[in-house]
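Below is one structure; the comments refer to it alone.
Just so it is clear, none of the values below were taken in a lab; they were calculated from the coordinates. Small disclaimer: the values here were computed from a predicted structure and weren't measured. Note: ideal-geometry Cβ built from the backbone for every residue, glycine included; neighbour counts use all protein chains shown.
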Ligand SMILES: Cc1cc2nc3c(=O)[nH]c(=O)nc-3n(C[C@H](O)[C@H](O)[C@H](O)COP(=O)(O)OP(=O)(O)OC[C@H]3O[C@@H](n4cnc5c(N)ncnc54)[C@H](O)[C@@H]3O)c2cc1C
């Protein structure tokens with residue numbers, strides 16, 4: 001991934017704004033630049049736009065939306081911003097947090113009202129760290145639906161999307177002004193494309209094992225569950241351009257991936273009153289702290305394995321997610337009418353599992369925190385038929401990246417901004433700080449959709465001012 005001067009004599013066609021990456025960030029940036037009246041081209045490595053966006057549950061947090069109001073949920077951007085910073089241990093950039101918290105509601109309503117995205121709020125369970133129910137999702141609760149709708153919307157707007165186009169190099173001189181990009185096609189041929197402003201929407205470095213080992217040693221060797229084409233290109237270009245990189249050790253993990261099936265099991269199974277035991281049948285943590293930090297906690301258990309324990313009532317809630325339905329279809333969800341039978345089916349010590357059940361149910365009855373500091377306040381007792389899934393921990397996506405300001409403009413390590421480079425989504429530093437525990441549910445698509453939309457508008461304004 002190089003940065004080099006544009007070679008003399010290169011006949012570069014181009015567009016005022018070029019966007020690298022056709023995930024949620026790239027498409028939201030493209031739509032907002034298009035609405036601002038500036039032409040844009042989106043470049044995507046794959047033959048079909050998917051990215052980590054397709055692998056996600058497609059849930060975007062937003063506060064104060066009409067969807068929340070319609071079902072009686074009171075919320076505000078200020079409350080949302082406070083939740084983000086509390087989870088991020090105060091490490092996230094205050095101006096960026098304020099900007100994305102304020103713009104999230106309008107972004108959801110923009111996609112709904114201008115483009116017909118049929119959002120609804122996940123209203124039947126709490127996500128860790130959110131003080132209001134504010135996750136907005138599409139009917140299937142899957143990222144495939146989100147990315148397909150975004151692509152269709154961009155197609156209808158006739159926004160040029162060039163597929164099978166890997167951006168391998170940026171053209172910039174010593175002044176760090178980006179003049180264009182070099183595209184490599186699958187057959188090895190190369191094209192040049194000029195631009196006045198560049199938006200990096202090519203996500204993070206989860207797919208680059210060397211970068212993961214360098215920046216996130218605790219996830220070295222963990223399964224990576226995100227898009228394999230996210231190889232840290234934004235970070236490598238940023239390094240060459242003297243961009244400020246921040247929170248490079250930050251990431252979203254997940255402590256509940258069905259193993260060996262490799263299917264995400266929604267954390268609703270835990271938050272609704274379920275719990276995790278290890279292969280000895282013993283609980284080991286406060287599971288409700290968050291699923292991101294739970295990845296490393298689960299991987300530290302014998303064999304890197306744990307078991308989600310819940311019941312049929314909770315499974316019924318989890319079935320709104322396509323992933324959970326897939327997990328049931330492929331046999332990852334085990335059921336049993338008694339704890340003893342469940343222990344037998346999971347090959348867990350029966351007495352230890354019964355003891356773990358008894359501990360959890362006693363905590364629910366007394367309404368006090370348990371020995372790990374978890375409160376089960378308001379959770380119903382588990383009742384037969386019981387359910388369980390054998391899970392492991394995985395790396396979902398990285399949260400470090402190019403430092404940006406509240407207008408998605410990239411910052412230089414020397415101070416000030418890079419002249420015409422913008423970043424959003426996984427390419428930009430997120431709002432989770434430097435630790436896995438700093439990730440508040442939905443931070444990924446929050447900075448993809450909301451910061452993406454801001455980046456498109458911001459780049460369009462830059463181009464207009466330069467005319
Ligand atoms: C299993 C899973 C579940 C998740 N669930 C949620 C959730 O419910 N809510 C949430 O907020 N977040 C969730 N996330 C995180 C979320 O998916 C990401 O934060 C978000 O999709 C990032 O969007 P993006 O547009 O930045 O990147 P992506 O969607 O990954 O898109 C980046 C695109 O850039 C392309 N690209 C990369 N390099 C180049 C290059 N050099 N040239 C051309 N193209 C390139 C890639 O091929 C890719 O298509 C989840 C992640 C995973 C893995």
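Assorted remarks:
- Amide N of the stretch 286-313 lying under 17 Å from the label point, which is placed 7 angstrom from the Cα of residue 337 along Cα→Cβ: 312-313
- Across the chain, C-alpha contacts under 8 Å between residues 6 or more apart give a mean separation that, scaled by the residue count, equals a relative contact order of 25 percent.
- Binned Cα-Cα distance frequencies in the chain - 10 Å width, integer %: 4, 21, 31, 24, 13, 6, 2, 0
- Relative contact order [Cα under 8 Å, 6+ residues apart], the stretch 101-260, whole percent: 11 percent
- In the chain, the longest principal axis of the Cα atoms and the axis of helix 94-115 are about 90 degrees apart.
- As a ratio to 2.2 N^0.38 Å, the alpha-carbon radius of gyration computed for the stretch 125-274 takes the value 1.30.
- Average silhouette area of the stretch 388-456, convex hull of alpha-carbon atoms, in square nanometres: 5.7 nm²
- The stretch 190-315 - Rg over Rh from alpha carbon coordinates, Kirkwood radius: 1.09
- Taking the convex hull of Cα positions in the stretch 1-115, its mean projected area over all directions (nm²): 10.7 nm²
- Contact order normalised by residue count of the stretch 330-467, Cα under 8 Å, 6+ apart, percent: 18 percent
- Counting every C-alpha pair in the stretch 70-137, the share spaced more than 18 angstrom apart comes to 42%.
- Per the Debye calculation on the stretch 265-305 with a single equal scatterer at every Cα and no solvent contribution, log₁₀ I(q)/I(0) for q = 0.14, 0.18, 0.22, 0.24 Å⁻¹ amounts to -0.28, -0.46, -0.70, -0.83.
- Relative to the longest principal axis of the Cα atoms of the chain, helix 143-156 runs at roughly 30 degrees.
- Spatial separation of Cα centroids for the stretch 361-439 and the stretch 304-343, in angstrom: 23 Å
- Restricting attention to the chain, close to 65% of DSSP beta bridges with both partner residues there are antiparallel.
- Using R0 = 60 Å, the C-beta based FRET efficiency linking residue 123 and residue 239 works out to 0.90.
- Think of it as helices only: each DSSP H run of n ≥ 4 in the chain is worth -39500 (n - 2.57), and spread over all residues that comes to -10000 deg cm²/dmol at 222 nm.
- When every Cα-Cα distance of the stretch 327-467 is counted in 10 angstrom steps from zero, the calculated P(r) takes the values 10, 23, 21, 17, 15, 11, 3, 0 percent.
- Stokes-Einstein diffusion coefficient of the stretch 241-311, Kirkwood radius over Cα pairs, 4 °C, 1.567 mPa s, in µm²/s: 98 µm²/s
- The packing ranking of peptides 327-340, 42-55, highest mean first, is 42-55, 327-340, where packing means the average number of other beta carbon atoms within 10 angstrom of each residue.
- For the stretch 86-103 versus the stretch 162-222, the spacing of their alpha-carbon centroids is 27 Å.
- Folded to 0 to 90 degrees: helix 451-466 orientation relative to the chain principal axis, Cα: 10 degrees
- Cut-off 18 Å (backbone N to label point 7 Å along Cα→Cβ of residue 312), residues of the stretch 384-410: 384-389
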